[in-house]
Ligand code: AMP
Ligand code: GLY
């Protein structure tokens, strides 16, 4: 089979490495991929959002199956266009990807179908938003409606900060059209859990739970990033909580999307907060998380390509999704300065063979050398029988990777280990 994976980060590298385990996958193309994954895929210089070129490439190369991994091509309708051209895909159509593409849509969906989430108000008028903030409970959370590269959520600790956030989105147009409408919502507290699920619109099969580390610095300080590391499973996600989430959140969401005529097929990601009043949805993503995928997929025991094709055909019910009892930890090695400005072009070297479970994100090949080319450069994952061992082993592996200006958090998994003590 010829397979095409849209995207070019660590998440896509993890998906490609896992798909490769299936012997049917003779060629895997990555659009655009990156220089660090050339051993595993043929990288094609087509940007992830160029729908027209991706369709043309798929037709010219007789692609049998496509996986659309990032949010923006999904929201723009890449799956719709590929399916129209006769290419079966893993990923939701645009009318379902809106669950991530519009926070106003997802909040209204949850309200209509009684899916637990933070209380909220929607505003399209800045003055109304500002006057609401005069009396809103503080801290409060301001969210741009549309996609904003993961930066469209601001937790405001003071009324002043909240107002500045609203002005930056609605007047200064910091996120362009994405901030024309905003959501102001209740600040929730509790441990966070990421649960990626496979769904074909009929059934939903959760993957192993995970925990992201979004802040740039140790102790959850510093700016929000795309994610600096992950562990799986998430020890806060007990069997009881998993059952509640299935009954109160996952199944109701799949049904709600069907009722709206927006059947979701693909990976639906539930960003959950375990509040004192029970699990609530913080966000939906219409795709695999990054770097959640880098700990979840190495623990998947059944075949990824088989599952993805079953999702696409609506046959997930009879397909096994099974995870191992091991634990995984992924440490992201980034360029110093990320998520703000950083230098790139430094050579990446590996002292030992740490290739298994290493996923390259921001790198390019030049004259046979692998050079840094992004903020999040790569993720080093370790899989071990326990979480303690996985964390230790991931940090051992990190020592074997070097590049100038490398930066990584030293405390990935610490919070998860604390949960185990409770
Ligand atoms: P998001 O970009 O939607 O994943 O949000 C980024 C982060 O903001 C989340 O991972 C949470 O830590 C935090 N967050 C979002 N919404 C809320 C909320 N209502 N209450 C508390 N924290 C939140
Ligand atoms: N790691 C969070 C995300 O992929 O949105």
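The values are calculated or read from the model by the stated rules, or taken from the named source; none is laboratory data. Please read all numbers here as calculations on a predicted model, not as lab measurements. FYI the Cβ positions are ideal-geometry reconstructions off the backbone, even for glycines, and counts take in every protein chain you see.
Of all the listed residues (138, 167, 142), the sole one being surrounded by fewer than 20 Cβ atoms within 10 Å (Cβ to Cβ) and within 13 Å of ligand 1 (Cβ to nearest atom) is 138.
Among the conditions (1) within 16 Å of ligand 1 (Cβ to nearest atom); (2) crowded, with 21+ Cβ neighbours inside 10 Å, the only one that residue 283 does not satisfy is (2). Residues that are buried (at least 23 other Cβ atoms within 10 Å of the Cβ) and farther than 22 Å from residue 356 by Cα were ranked within the stretch 32-58; the one that is farthest from the chain's Cα centre (by Cα) is 58. Of all the numbered requirements in (1) within 14 Å of ligand 1 (Cβ to nearest atom); (2) touching a helix residue (DSSP H, G or I) at 6+ places or on another chain (Cβ under 6 Å); (3) modelled with pLDDT of 95 or more, residue 148 misses one, and that requirement is (3).
Could you go through the stretch 87-94 and let me know if any residue there is modelled with pLDDT of 95 or more, within 16 Å of ligand 2 (Cβ to nearest atom) and surrounded by 17 or more Cβ atoms within 10 Å (Cβ to Cβ).
Going through the stretch 87-94, the residues modelled with pLDDT of 95 or more turn out to be 87-94.
Narrowing further to those that are within 16 Å of ligand 2 (Cβ to nearest atom): 91-92.
Those left that are additionally surrounded by 17 or more Cβ atoms within 10 Å (Cβ to Cβ): 91-92.
Yes: one or more hits.
Here residue 400 fulfils each of the conditions (1) within 23 Å of residue 17 (Cα to Cα); (2) surrounded by 15 or more Cβ atoms within 10 Å (Cβ to Cβ) apart from (2). Of the helices (runs of 4 or more DSSP H) entirely within the stretch 235-331, those holding at least 1 residues that are within 16 Å of ligand 2 (Cβ to nearest atom) occupy 293-296.
In the stretch 116-131, the qualifying residues are those that are out of contact with any strand residue (DSSP E or B) (no Cβ under 6 Å at 6 or more places or on another chain) and outside any helix (DSSP H, G or I), and the one that is surrounded by the fewest Cβ atoms within 10 Å (Cβ to Cβ) is 125. Every condition in (1) away from ligand 1 (no atom under 16 Å from the Cβ); (2) touching a strand residue (DSSP E or B) at 6+ places or on another chain (Cβ under 9 Å); (3) in contact (Cβ under 8 Å) with a residue 24 or more places away in the chain; (4) farther than 21 Å from residue 7 by Cα is met by residue 296 except one, and the failing one is (4). Please specify each residue of the stretch 200-228 satisfying the condition of being on the phi < 0 side of the Ramachandran plot, touching a strand residue (DSSP E or B) at 6+ places or on another chain (Cβ under 7 Å) and in a loop (DSSP other than H, G, I, E, B). 207, 208, 209, 213, 214, 225, 226, 228 - these are the residues of the stretch 200-228 that are on the phi < 0 side of the Ramachandran plot, touching a strand residue (DSSP E or B) at 6+ places or on another chain (Cβ under 7 Å) and in a loop (DSSP other than H, G, I, E, B). Just one of the numbered conditions (1) near ligand 1 (Cβ under 10 Å from one of its atoms); (2) in contact (Cβ under 8 Å) with a residue 24 or more places away in the chain; (3) under 17 Å from the mean Cα position of the chain (by Cα) is not true of residue 155: (3).
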